[in-house]
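To keep things clear, I will list the structure first and then write my remarks on it.
Where a number appears in this text, it was derived from the coordinates with a stated rule and is not lab data. Quantities reported herein were computed from a predicted structural model and do not represent experimental measurements. Neighbour counts run over all protein chains shown; Cβ positions are idealised from the backbone, glycine included.
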Amino acid sequence: MKAHTKETQDLMTPSLALDALKTGNDRFLKGNQVTRNLNAQVDETSGGQYPFATVLHCIDSRVSAEHVFDQGIGDLFSIRIAGNFVNEDILGSMEFACKLAGTKVLVVLGHTACGAIKGACDHARLGNLTALINKLEPAVEAVDSPAEADLRNSSNIDFVNGVAAKNVLMTIDNIRSQSPILKEMEADGAIKIVGGMYDIATGNVNFYE
């Protein structure tokens, strides 16, 4: 499979871009990944890049967007930070990817059993990690159930996964509220902004649309 060109990127609509990610994940689940000559894709993209999607996801070693969506070199802008939240720099990267570089779908991808979310559930404090955890703790507070304090920690995996899902939705809200550029692009139909959760036990991505 060849790398995307300006022409093939232009043919992608937001809906087609999202469908490409869904079908890529389906191939990943079934072990039917596309055969790619990555060295050839290096050569094909040496003069420019035309990705169709931007994915914000965690640094977790089990969650690589290129793998779980079965994509090659030049297909995705991949933004990675523990806990997949946004800040000014990440929003700027997203604005570049969508407004200037032409990607058609922006995905916020959380995952089950997220270590950063576990740290937020436990209100962990450690060096520079503390500031990162602070950014995830609003999602912990936004999940009402269970109410019992002894169940609202990393030992309760259902709570952890509930917080991870809430964090995805809150991150999307933050993108829309903090980036007028991306909000306008979404309103105009130029991009889709969607969330998803990756199940580390199955490899499946459940999209929120």
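Observations on the model:
- When we screen ALA190, ALA142 for residues that are of a type in the set (A, V, I, L, M), in contact (Cβ under 8 Å) with a residue 12 or more places away in the chain and surrounded by 15 or more Cβ atoms within 10 Å (Cβ to Cβ), the only hit is ALA190.
- Only one of ASN39, ASN25 that is out of contact with any Lys or Arg (no Cβ under 8 Å at 6 or more places or on another chain) and either loosely packed, with under 12 Cβ neighbours inside 10 Å or among the hydroxyl-bearing types (Ser, Thr, Tyr) (or both): ASN39
- Within region 153-185, the residues that satisfy the criterion of being in a helix (DSSP H, G or I), free of Cβ contacts under 8 Å to residues at least 60 places away in the same chain and crowded, with 16+ Cβ neighbours inside 10 Å are PHE159, VAL160, ASN161, GLY162, VAL163, ALA164, ALA165, LYS166, MET170.
- From the list ALA120, ALA147, ALA65, the one residue that fits, being surrounded by fewer than 18 Cβ atoms within 10 Å (Cβ to Cβ) and either without any contact (Cβ under 8 Å) to a residue 40 or more places away in the chain or of a type in the set (Gly, Ala, Ser) (or both), is ALA147.
- Residue satisfying all of: in region 60-102; assigned to a loop (DSSP other than H, G, I, E, B) and in contact with a Phe, Trp or Tyr (Cβ under 6 Å, 6 or more places away or on another chain); nearest to THR45 (Cα to Cα) among these: ASP70
- Here THR54 fits the description: in contact (Cβ under 8 Å) with a residue 40 or more places away in the chain and surrounded by 21 or more Cβ atoms within 10 Å (Cβ to Cβ).
- In the set GLY110, GLY83, only one residue is farther than 27 Å from ALA3 by Cα and surrounded by 13 or more Cβ atoms within 10 Å (Cβ to Cβ); that residue is GLY83.
- Hits in region 169-209 - residues which are polar (S, T, N, Q) and closer than 15 Å to GLY83 by Cα: THR171, ASN174
- Candidate set: region 124-166, residues that are of a type in the set (Lys, Arg) and closer than 23 Å to VAL86 by Cα; chosen: the one nearest to the chain's Cα centre (by Cα): LYS166
- Condition check for THR130: part of a helix (DSSP H, G or I), surrounded by fewer than 16 Cβ atoms within 10 Å (Cβ to Cβ), of a type in the set (Ser, Thr, Tyr) and at negative phi: yes
- Any hit, region 23-43, residues being assigned to a helix (DSSP H, G or I), under 30 Å from ILE133 (Cβ atoms) and either touching a residue at least 60 places away in the same chain (Cβ under 8 Å) or acidic (Asp, Glu) (or both): yes
- Screening PHE96 on (1) more than 26 Å from ASN204 (Cα to Cα); (2) buried (at least 17 other Cβ atoms within 10 Å of the Cβ); (3) in contact with a strand residue (DSSP E or B) (Cβ under 9 Å, 6 or more places away or on another chain); (4) not polar (S, T, N, Q) shows it passes everything except condition (2).
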